[in-house]
Amino acid sequence: MATARTGHPAWKSVSTTIPRHRARKARRPAAGSAASSLRRQQTAEDDAPRFLVEVTVPHGALSERRKAGLVEEATATVLSAAGLSPDQALRVWVLVHEQPEGTWGAGGSVARYADLVALAKGQRSDA
């Protein structure tokens, strides 16, 4: 199975989708409060590509509604960028990984969710 991380045109579209669904408490999440990747995979079964979108966020950063919105929009974005029709949606998998508190590191130290929310609020008031 061949894998390409960010070389597909869908990557830019997907990477702009994620921030719209991230924080439930802060309108604009802190920089670095989510990580994502897009992989395009080809199998021997057929020539049509398959995509895997992985999003990692701090535990509790997304409500169930926001997770559903993220999955739906990321899927639609990848399908559109890849030139696939909506009936090909099963070719796009979106995995949302929630990092437990105390396991997210940034800038050489552990970043707690409350710290990320406070940082996001600071960014919003500076805007």
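The values are calculated or read from the model by the stated rules, or taken from the named source; none is laboratory data. None of these values were measured; they are calculated from a predicted model. A quick note on method: Cβ atoms are made from the backbone with ideal geometry, for glycine too, and the neighbour counts reach across all protein chains shown.
Taken over the stretch 60-84, the residue count meeting the criterion of being out of contact with any helix residue (DSSP H, G or I) (no Cβ under 7 Å at 6 or more places or on another chain) and either assigned to a loop (DSSP other than H, G, I, E, B) or closer than 28 Å to Leu116 by Cβ (or both) is 9.
Given the criterion at pLDDT 60 or above, more than 27 Å from Ala120 (Cα to Cα), crowded, with 19+ Cβ neighbours inside 10 Å and not basic (Lys, Arg), identify the matching residue among Val78, Val94, Val55. On inspection, the qualifying residue turns out to be Val78.
Within the set Arg112, Arg124, the sole residue that is exposed (fewer than 14 other Cβ atoms within 10 Å of the Cβ), of a type outside the set (A, V, I, L, M, F, W, C) and either touching a Cys at 6+ places or on another chain (Cβ under 7 Å) or at pLDDT below 80 (or both) turns out to be Arg124. Within the stretch 52-89, the set of residues being acidic (Asp, Glu) and without any contact (Cβ under 8 Å) to a residue 24 or more places away in the chain comprises Glu64, Glu72, Asp87. Has the stretch 90-102 got any residue that is without any contact (Cβ under 8 Å) to a residue 60 or more places away in the chain and assigned to a helix (DSSP H, G or I)? Yes, the stretch 90-102 has at least one match.
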